[in-house]
Amino acid sequence: MSNTPEPILSVKEVHTYISGFHILQGVSFQVERLSVTAILGRNGVGKTTTLKTIMGLYKPSKGTVVFKGENVTGQPPYYITRKGISFVPSEKNIFSTLTVDENLKLAYNGPKDKISDKLELVYSLFPELKKFSGLRAGMLSGGQQRMLALACGMIREHDLLILDEPSEGLSPMYVKNFFRRLKLFTAENKKSVLLVEQNFAFAREITDYIYLMDKGVVVTGFSAGEIDQRQDVIRRILGVSL
Amino acid sequence: MSALIDSLVYASMIYMASLGLVIVFGLMDVFNLAQGAFFGLGAYLFVTLYYVTGNLPLSLIVTATIGFIIGFLTERLLIRPIYGNPLAQLLLTMGLLTLLVTFMQLLWPSGLVFPETGDFMLSGYVTLSSISIRVYKFVVIAVGFTLFALVNTILSKTMLGIKLRSGTENRELAAIFGVNISRLFTLSFSTAVALALLGGAFVAPLTHATPDLPVHFSLLAFAIPVVGGMKSYSGAFYASLLIGFIDRFTAYFVPWLTFAVDLLVMIIVLIIKPEGLFER
């Protein structure tokens with residue numbers, strides 16, 4: 001898409017099978033450094049599988065995942081996390097038997113002496129969580145659990161933040177707020193973001209690149225400025241216009 | 001009085017026999033049927049080592065170390081290839097149980113008696129309200145309770161404990177959180193087997209290494225996660241206390257019913273509260 005020499009993440013011709021089903025049938029795309037990239041597509045086209053394949057939760061049968069210049073295809077998830085990808089799944093993304101504080105501490109993997117600064121930073125982004133810090137995460141409301149999941153994603157040392165449906169289950173007001181905070185956070189801390197989103201309306205203002213997925217492949221990709229010229233393909237793939 | 005102390009002793013023994021089982025099942029979903037056999041092996045090894053060296057701490061350390069090594073090898077060579085296959089795990093650990101029990105019967109066909117020593121802690125007696133009680137019983141109780149306190153502290157206060165609990169709840173998410181699950185599995189399994197052997201070593205001065213020790217404690221250990229909650233680490237302790245008390249008081253008043261009553265408790269819990277009595 002862009003001419004920047006080295007994207008932070010590049011996925012090439014990835015094929016993934018899940019219990020015999022050919023889910024990803026040659027997925028290719030890239031995430032440029034310091035950009036926010038969104039993958040859009042209808043339910044069941046392989047968006048989550050793409051993210052889980054990047055994370056090493058599924059092993060691709062073909063293709064490569066290159067992160068920061070290193071081929072990480074087929075590496076275990078903990079290794080990929082330590083390399084600097086922070087992944088927030090869309091469901092079951094926190095430990096309900098651990099406290100809010102323990103969730104954040106487990107997520108944090110940077111130098112020990114900085115952990116209290118980091119906790120402070122995350123609690124300032126999500127002040128709602130601070131008063132529940134000693135509570136088991138399973139006791140939180142659905143919206144609060146989602147905030148905790150995002151907070152865990154942000155507190156982890158990373159260069160690339162991957163969010164699977166971050167707005168799901170949050171109120172529209174909150175989603176708007178959240179994307180604003182995310183933009184601020186990534187700009188200040190020099191992070192790249194890859195997100196999969198159904199409610200693209202909210203994410204639109206912070207997104208730089210868009211890829212459209214259909215039936216296990218990435219159909220096309222373009223920069224956010226080109227959305228208006230691409231309305232016909234968007235309508236064909238998503239069934240709605242942006 | 002003596003029934004009370006015996007209950008606590010028995011509870012400690014059961015706890016030591018079952019803790020590893022609960023940890024391994026909680027974290028890895030592997031029900032290690034051979035856990036009780038490892039416990040028995042610990043008793044035999046320890047008594048043998050004690051005869052050879054005459055040195056108690058050394059015998060304990062060597063027993064635990066051998067346990068850790070056996071656990072490490074078992075996990076890497078046998079358990080690792082069959083993660084996620086419960087039937088294969090049951091068959092394999094069943095085979096391991098049979099193998100270990102047969103091995104012990106071959107090597108020590110009539111069991112091993114722990115020798116009388118001049119040591120007060122090991123072989124001495126104290127008189128409490130006109131009953132003479134073996135001092136070592138208090139040692140076993142202390143070890144059991146210390147182990148419980150230690151496990152609780154590790155689970156609630158340390159990073160390792162948080163990792164263990166996260167892996168127990170959701171392995172995939174723990175991996176995303178940067179936990180090296182495969183290393184955690186090896187460490188836990190090795191520690192669990194070391195704990196089993198160490199437990200066997202600790203009870204040996206009281207029970208001696210009898211031929212039926214492995215099977216007896218196997219069955220008791222199986223009852224613990226069922227009664228205490230399959231993935232409840234603290235439940236294992238409370239369930240051990242419950243079974244310990246029920247067993248010893250039954251033994252005191254209705255001796256012919258002992259042991260059957262333990263399994264009866266297990267069956268009753270399975271019927272009325274199949275998820276176990278205690279929460280995670």
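Bear in mind that the values in this text are calculations on the coordinates, not laboratory data. None of these values were measured; they are calculated from a predicted model. Cβ coordinates were reconstructed from backbone atoms using ideal geometry, including for glycine residues, and neighbour counts include every protein chain displayed.
Some points to look at:
- Criterion violated by B:L219 - all others in (1) within 14 Å of chain A (Cβ to nearest Cβ); (2) surrounded by fewer than 23 Cβ atoms within 10 Å (Cβ to Cβ) satisfied: (1)
- On the stretch given as region A:116-136, residues that are in a helix (DSSP H, G or I) and either aromatic (F, W, Y) or out of contact with any Lys or Arg (no Cβ under 7 Å at 6 or more places or on another chain) (or both) total 13.
- Screening A:L150, A:L212 for residues that are closer than 30 Å to A:S61 by Cβ, of a type outside the set (K, R) and either surrounded by fewer than 19 Cβ atoms within 10 Å (Cβ to Cβ) or out of contact with any Asp or Glu (no Cβ under 7 Å at 6 or more places or on another chain) (or both) leaves exactly one candidate, A:L212.
- Number of positions in region B:165-193 that are closer than 23 Å to A:G110 by Cα and of a type in the set (D, E): 1
- Qualifying residue in region A:223-236 (condition: touching a Leu at 6+ places or on another chain (Cβ under 6 Å) and outside any helix (DSSP H, G or I)): yes
- Any hit, region A:57-74, residues being part of a strand (DSSP E or B), buried (at least 22 other Cβ atoms within 10 Å of the Cβ) and either in contact with a Leu (Cβ under 7 Å, 6 or more places away or on another chain) or without any contact (Cβ under 8 Å) to a residue 40 or more places away in the chain (or both): yes
- Candidates A:L51, A:L106, filtered to the one that is part of a helix (DSSP H, G or I), within 10 Å of chain B (Cβ to nearest Cβ) and not charged (D, E, K, R): A:L106
- Test for B:G235: is it within 14 Å of another protein chain (Cβ to nearest Cβ), assigned to a helix (DSSP H, G or I), under 16 Å from the mean Cα position of the chain (by Cα) and under 26 Å from B:S2 (Cα atoms): yes
- Looking only at region B:126-145, and only at residues there that are surrounded by fewer than 13 Cβ atoms within 10 Å (Cβ to Cβ) and either touching a strand residue (DSSP E or B) at 6+ places or on another chain (Cβ under 9 Å) or of a type in the set (G, A, S) (or both), the one that is farthest from B:M1 (Cα to Cα): B:A142
- If you go through region A:114-135 and keep only what is of a type outside the set (D, E) and either loosely packed, with under 12 Cβ neighbours inside 10 Å or over 14 Å from A:D101 (Cβ atoms) (or both), you end up with A:K114, A:S116, A:L121, A:S124, A:L125, A:P127, A:K131, A:G134.
- Flag for B:K157 being under 27 Å from B:V24 (Cα atoms), surrounded by fewer than 17 Cβ atoms within 10 Å (Cβ to Cβ) and charged (D, E, K, R): yes
Yes/no per residue for (1) more than 23 Å from the chain's Cα centre (by Cα); (2) within 14 Å of chain A (Cβ to nearest Cβ); (3) not hydrophobic (A, V, I, L, M, F, W, C):
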residue: B:G118; (1), (2), (3): yes, no, yes
residue: B:M121; (1), (2), (3): no, no, no
residue: B:S132; (1), (2), (3): yes, no, yes
residue: B:I141; (1), (2), (3): no, no, no
residue: B:F148; (1), (2), (3): no, no, no
residue: B:V151; (1), (2), (3): no, no, no
residue: B:K163; (1), (2), (3): no, yes, yes
residue: B:G178; (1), (2), (3): yes, yes, yes
